[in-house]
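To keep things clear, I will list the structure first and then write my remarks on it.
The values are calculated or read from the model by the stated rules, or taken from the named source; none is laboratory data. Predicted, not measured: the structure shown is a model, and the values here were computed from it. Ideal geometry is used to build each Cβ from the backbone, glycine not excepted, and the neighbour counts take in all protein chains shown. These accessible areas exclude ligands, DNA and RNA; they are computed on the full protein's heavy atoms, side chains included. Shrake-Rupley method; radii C 1.70, N 1.55, O 1.52, S 1.80 Å.
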Amino acid sequence: MRSLMLLLLSCTLMSFTLVIDAGHGGDDYGAIGLVNGTKEKDLNLHVAKHLADKIHQAYPEVKVVLTRDKDVFLPLQQRADIANKNHADLFISIHTNAAENRKAQGAETFILGTDRMEDNLDVAIRENAVMKLEADQTVYQGFDPNSIESYIIFELMQNQYMDNSLVFAELVQNQFVGTLNRANRGVRQAAFWVLLKSACPSVLVEMGFVSNAEEEKWLASEEGKNGIVNSIFNAFEKYYKK
């Protein structure tokens with residue numbers, strides 16, 4: 001009887017699975033800082049790994065899965081597949097922003113949606129463009145990341161996880177603004193493939209702009225990276241405890 005109770009307790013404790021996705025990787029550098037040449041793929045991986053370690057240490061009962069733990073290229077669909085195969089309860093995709101406007105700054109957190117889609121289309125196109133680097137395009141069913149018409153499919157998809165995605169996104173954004181004093185670009189909706197295909201509450205975090213000289217320096221610093229890890233951890237802690 002005692003063994004059965006321990007088994008049931010173990011199953012209960014392992015009932016929450018978090019998948020952390022470090023965006024880009026390998027030959028896909030992502031955004032690159034113009035001043036110091038900071039590579040997005042490296043920042044994303046650093047934050048993802050340290051976040052995973054911090055959550056594992058604080059909540060060993062949570063199953064934490066990294067889509068990648070080293071500098072390798074990973075197709076967008078495969079990232080979502082990892083979340084689905086692990087029956088994720090939450091999916092966090094870590095990214096770093098860039099813009100033609102060198103003064104653009106601040107953090108923003110995205111959930112899947114088409115509200116004000118035209119305003120966020122440039123970000124969606126940039127993050128989805130990695131599809132073009134992949135050998136097998138058939139998994140995307142004719143979706144063209146550079147075609148506005150292709151994004152109509154997102155309007156046709158009912159996102160049953162939107163409420164919880166929004167709750168977590170707001171927690172993340174509140175930490176970035178309230179704790180780190182980052183410029184607040186808000187919680188926004190965008191048509192990201194990796195969010196569309198992840199069957200769980202999911203967010204895509206844009207930590208800041210490497211195209212902004214000051215922000216690039218902060219993002220690459222230990223203070224900046226540690227602050228981001230702690231902020232996302234605090235958001236997760238609040239979400240998980242609920």
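Worth pointing out:
- Of the residues making up segment 198-206, none is at pLDDT 95 or above, assigned to a helix (DSSP H, G or I) and buried (at least 22 other Cβ atoms within 10 Å of the Cβ).
- Residues within segment 119-129 that are modelled with pLDDT under 75 and surrounded by 13 or more Cβ atoms within 10 Å (Cβ to Cβ), tallied: 2
- Note on segment 213-242: residues that are in contact with a Leu (Cβ under 9 Å, 6 or more places away or on another chain), in contact (Cβ under 8 Å) with a residue 40 or more places away in the chain and open to solvent by less than 40 Å² (accessible area, probe 1.4 Å) amount to 12.
- For ILE55, the requirement of being more than 30 Å from ALA213 (Cα to Cα), among the β-branched types (Val, Ile, Thr), open to solvent by 10 Å² or more (accessible area, probe 1.4 Å) and in a helix (DSSP H, G or I) is not met.
- Among the candidates THR67, THR38, residue that is at pLDDT 95 or above, within 18 Å of ASN212 (Cβ to Cβ) and open to solvent by less than 30 Å² (accessible area, probe 1.4 Å): THR38
- Evaluating SER93 against the criteria (1) surrounded by 16 or more Cβ atoms within 10 Å (Cβ to Cβ); (2) small (Gly, Ala, Ser); (3) more than 11 Å from GLY23 (Cα to Cα) leaves one unmet condition, (3).
- Looking only at residues in segment 70-80 that are touching a Ser or Thr at 6+ places or on another chain (Cβ under 8 Å) and touching a residue at least 60 places away in the same chain (Cβ under 8 Å), the one that is surrounded by the most Cβ atoms within 10 Å (Cβ to Cβ) is ALA80.
- Qualifying residue in segment 166-180 (condition: of a type outside the set (A, V, I, L, M), in a loop (DSSP other than H, G, I, E, B) and over 14 Å from the mean Cα position of the chain (by Cα)): yes
- The one condition in (1) modelled with pLDDT of 95 or more; (2) surrounded by fewer than 23 Cβ atoms within 10 Å (Cβ to Cβ) that ALA83 fails to fulfil: (2)
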